[in-house]
Amino acid sequence: MSGGVDFRPFPENWDIKKRLGPITEFPENWNQNTVTNMLDLVKDNKLKLIIDCGVDDFFMKVNRELHAKMLDMKINHDYIERPGEHNLKYWENSLKYQLLFFHDFFNENIKTK
């Protein structure tokens, strides 16, 4: 939900450079620790994934890029983009969709056992 799936466009935010080093000096740290570049870890499609982001969220571009990359890699996932920003109002509304996703996930797993 409104995921920071690729923080490389935001090198001065959230004190990330304190943990990974400045992006200009340690680009490999930044590249290795972004969700967008870790998709090979979920390529087997065993995880149920959902991406949900508001179109006015500052993370919208990186969420769209993640979605496109997942489609290219044929990684099964749900993708939602709706009007909204990176704020509580959007997230409160998103919970309805997230809960339905998880409800369906758990019901599927109960039926298969």
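The values are calculated or read from the model by the stated rules, or taken from the named source; none is laboratory data. Because the structure is a prediction, the values reported are computed rather than measured. All Cβ positions, glycine included, derive from the backbone under ideal geometry; neighbour counts span all protein chains shown. Accessible surface areas use protein heavy atoms only, side chains included; no ligands, DNA or RNA. Shrake-Rupley method; radii C 1.70, N 1.55, O 1.52, S 1.80 Å.
Numerical summary
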{"quantity": "Residue list for segment 32-54, restricted to those being open to solvent by 60 Å² or more (accessible area, probe 1.4 Å), part of a loop (DSSP other than H, G, I, E, B) and closer than 30 Å to LEU88 by Cβ", "calculated": "ASN33, MET38, LEU47, LYS48"}
{"quantity": "Single residue of segment 1-21 satisfying the filter (hydrophobic (A, V, I, L, M, F, W, C) and assigned to a helix (DSSP H, G or I)) that is nearest to TRP91 (Cα to Cα)", "calculated": "ILE16"}
{"quantity": "Residues of segment 66-86 classified as basic (Lys, Arg), surrounded by fewer than 15 Cβ atoms within 10 Å (Cβ to Cβ) and within 21 Å of ASN37 (Cβ to Cβ), total", "calculated": "1"}
{"quantity": "Test for LYS69: is it more than 24 Å from VAL42 (Cβ to Cβ), of a type in the set (D, E, K, R) and not in a loop (DSSP other than H, G, I, E, B)", "calculated": "no"}
{"quantity": "ASN63 surrounded by 15 or more Cβ atoms within 10 Å (Cβ to Cβ) and either under 11 Å from the mean Cα position of the chain (by Cα) or part of a loop (DSSP other than H, G, I, E, B) (or both)", "calculated": "yes"}
{"quantity": "Number of the condition not met by ASN29 [criteria: (1) part of a helix (DSSP H, G or I); (2) touching a Pro at 6+ places or on another chain (Cβ under 8 Å); (3) farther than 23 Å from LEU88 by Cβ]", "calculated": "(2)"}
{"quantity": "Filtered residues of segment 2-25 (kept if open to solvent by 80 Å² or more (accessible area, probe 1.4 Å) and among the hydrophobic types (A, V, I, L, M, F, W, C))", "calculated": "TRP14"}
